[in-house]
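Comments concern the structure below.
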Amino acid sequence: MAEIIIIGGGIIGTCSAYYLLQQGHHITIIDKTDMLDGCSYGNAGYISPSHFVPLATPGIIKQGFKWMVNSKSPFYIQPRLSKSLINWGIKFIKSATKNHVENSAIPLRDISVLSKKLYEEMCDVPGFDFYYEKKGLLDFFRTEENAHHSEAIVEASKKLGLDASLLNKEEVEKLEPGINMDIKGAVFYKCDAHLYPNKLMKDMIAFLKKNGVSIQTNETVKSFITEKNIIKGVKTSSSEYFGEKVVLATGAWSREVASKLHLSIPLVGGRGYSLTFENFPFRINHPIILSEGKVALTPMANNKIRFGGTMEITSTKMPPKINRIKGIIESVKKYFPDLDIPVPSQDKIWYGYRPCSADGLPYIGKVNQYKNLVIATGHSMLGLSLGAATGKLVSEIINDEPVSMNIQPFDPGRFD
Ligand SMILES: Cc1cc2nc3c(=O)[nH]c(=O)nc-3n(C[C@H](O)[C@H](O)[C@H](O)COP(=O)(O)OP(=O)(O)OC[C@H]3O[C@@H](n4cnc5c(N)ncnc54)[C@H](O)[C@@H]3O)c2cc1C
């Protein structure tokens, strides 16, 4: 039994606490916010083994340059003279190869399949009721080019043992009746599931508190107390905490926090936006991705619907941009011509920062420089999906137990 400090109370930090708790450790989570509305709340809620292609692909580089000049586009890198952004960008471009995509498929599949299984187990634990649904995911496409791409992706999915099939428009209409859709067809990933992330986070925090986890909110970790290659504790804005093991799960801020330990974790924040409506007249049965528009639609608990999208690589200090929301709304209209989504006022815009690693794979594991530190971050678009498995892996690493899967591709030191 050890004293464990977890820095960061998003889905990764809280899931780590959840699994560490099962082994009887004393856990303290420290977070700089009130932990009530971060990136782990307003996301699309997908638990998606179908996402075995990492963010760093040859396609995103080609498309990204075209999108960069459009203020409503789904992908944008805010140009700025930042050493860390340039460093990340170089590594990202180098990683975006066909080989990398092929090599990432199995590790991403394995961690997401493990995570899905763990979320299903969590559903049965008293205190958890996060509207987990195994309805699959529809990935809509409108162009001929994407129709061909979808054929290839279905084949690749099947080779990985994932349940995916290609549907024509009529078949999609049977699954989503009564909706006017301008699409060519869809990939139906029956292997996927979804949940209501806001409720998962709420249930998780309540569970952790009830089971003795100390949660310190509104405390920013400013520095570390170290002795040679051991972290003895952390200093926050108002206090000091001591522990035997430390988990760094600070999401999009992980590069900055790790730099206080002189560790280099190539990572940037990828801002995304979402809009959630209650009792909205437009209803869908399944989560839907709009392939060309890069927008995610999710039917959520109690007649809610969420529209989410954009990947804006920007400083976490920049104000949100209403044009990105307009971009999401206009994309949706192309697929659903009868649907008019109201533009929210600036203060109603939800946004969160995805922790984007330089190759689209998470950073999970120990580092050479400190014996008692575990890094768990960099999950980009997959943090919710991979949260449970990451927590489980963190607990296994801390306990020096055999890990549930090969975590070598997630080595935090792979860019050193
Ligand atoms: C629009 C959108 C849609 C998405 N959809 C999906 C989806 O469908 N499925 C999916 O799997 N993923 C999705 N994601 C991505 C997912 O939300 C993220 O990958 C995930 O929330 C990251 O979790 P985290 O715990 O690493 O980071 P966070 O949730 O950001 O938590 C990190 C925590 O660390 C704290 N922190 C930072 N610095 C310090 C410090 N110095 N001291 C103390 N605390 C600190 C922060 O306050 C924060 O609470 C989406 C993201 C967006 C934006």
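Readers should treat all values here as calculations from the given coordinates under stated rules, not as data from a laboratory. Source: prediction; values computed, not measured. So basically every Cβ, Gly included, is an ideal-geometry build from the backbone, and we count neighbours across all protein chains shown.
With +1 on each Lys and Arg Cβ and -1 on each Asp and Glu Cβ, and nothing else charged, work out how big the dipole of the stretch 3-410 is about its Cα centre, in Debye to the nearest 20.
1200
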*Please work out how much length the chain gains when fully extended from Ser259 to Thr143, using 0.36 nm per residue of separation minus the C-alpha to C-alpha distance, in nm with one decimal.*
37.4 nm
_For a quick check: with amide H placed at 1.01 Å from N, whose amide H comes under 5 Å from Lys321's, ignoring anything fewer than 5 positions away on the same chain?_
none
_Long-range HN-HN contacts of Met311 with modeled amide H, under 5 Å_ = Phe75, Tyr76
_Whichever aspartates and glutamates have a C-alpha closer than 16 Å to that of Lys348, once near sequence neighbours (fewer than 8 apart) are set aside_ = Asp37, Glu278
*Restricting to the stretch 3-410, compute how many DSSP beta bridges are antiparallel as a %, nearest 5.*
70
*So what is the relative contact order for the stretch 3-410, in percent, with contacts set as C-alpha pairs under 8 Å and at least six apart?*
28
_Please arrange Phe141, Phe307 by how many other C-beta atoms lie within 10 Å of their C-beta, fewest to most._
Phe141, Phe307
*Most exposed first by the Cβ proxy, i.e. fewest other Cβ within 10 Å, how do Phe52, Phe128 rank?*
Phe128, Phe52
*Which FRET efficiency, nearest 0.05, do Ser315 and Glu120 yield, Cβ-Cβ r, R0 35 Å?*
0.40
*asked:* Please compute the length gained on full extension between Lys348 and Lys222, using 0.36 nm multiplied by the number of residues separating them and subtracting their Cα-Cα distance.
replied: 42.3 nm
*Per residue Cα convex hull volume for the stretch 3-410, in cubic angstrom?*
134
*List the longest stretch of the chain that has no exposed loop site; here a site is one of the trypsin sites (Lys or Arg not before Pro) assigned by DSSP to anything other than H, G, I, E or B, with at most 11 other Cβ within 10 Å.*
81-227
*asked:* Expected output is a single nm value to one decimal: the length gained when fully extending between Ser404 and Glu171, i.e. 0.36 nm times separation in residues minus the C-alpha distance. What is it?
replied: 80.1 nm
_Cα-Cα over 31 Å, subset of Lys159/Lys209; Lys199/Lys232; Lys190/Lys304; Lys135/Lys321; Lys116/Lys174; Lys32/Lys371_ = Lys159/Lys209; Lys199/Lys232; Lys135/Lys321
*Which distance in Å, rounded to a whole number, links the C-alpha centroids of the stretch 1-33 and the stretch 349-404?*
13
*asked:* I need the phi-derived Karplus couplings for the stretch 357-364: 6.51 cos²θ - 1.76 cosθ + 1.60, θ = phi - 60°, integer Hz, Gly and Pro marked x.
replied: 6, 7, 10, x, 9, x, 9, 9
*With the Cα gyration tensor of the stretch 138-250 in hand, convert its eigenvalues to equivalent ellipsoid semi-axes via √(5λ) and list them largest first in whole Å.*
49, 19, 14
*Considering the dipole of the chain built from charges on the beta carbon (Lys and Arg +1, Asp and Glu -1) around the Cα centre, which of Tyr189, Ile60, Pro281 is farthest to its positive end?*
Ile60
_Where labels lie 7 Å past Cα in the beta-carbon direction, separation of Ala156 and Leu81 in nm_ = 3.9
*Phe410, Phe415 arranged by Cβ crowding within 10 Å, fewest neighbours leading*: Phe415, Phe410
*For Lys135, distant residues with modelled amide H under 5 Å away*: His194
*Any idea how far the Cα center of the stretch 85-128 sits from the one of the stretch 134-210, in Å?*
17
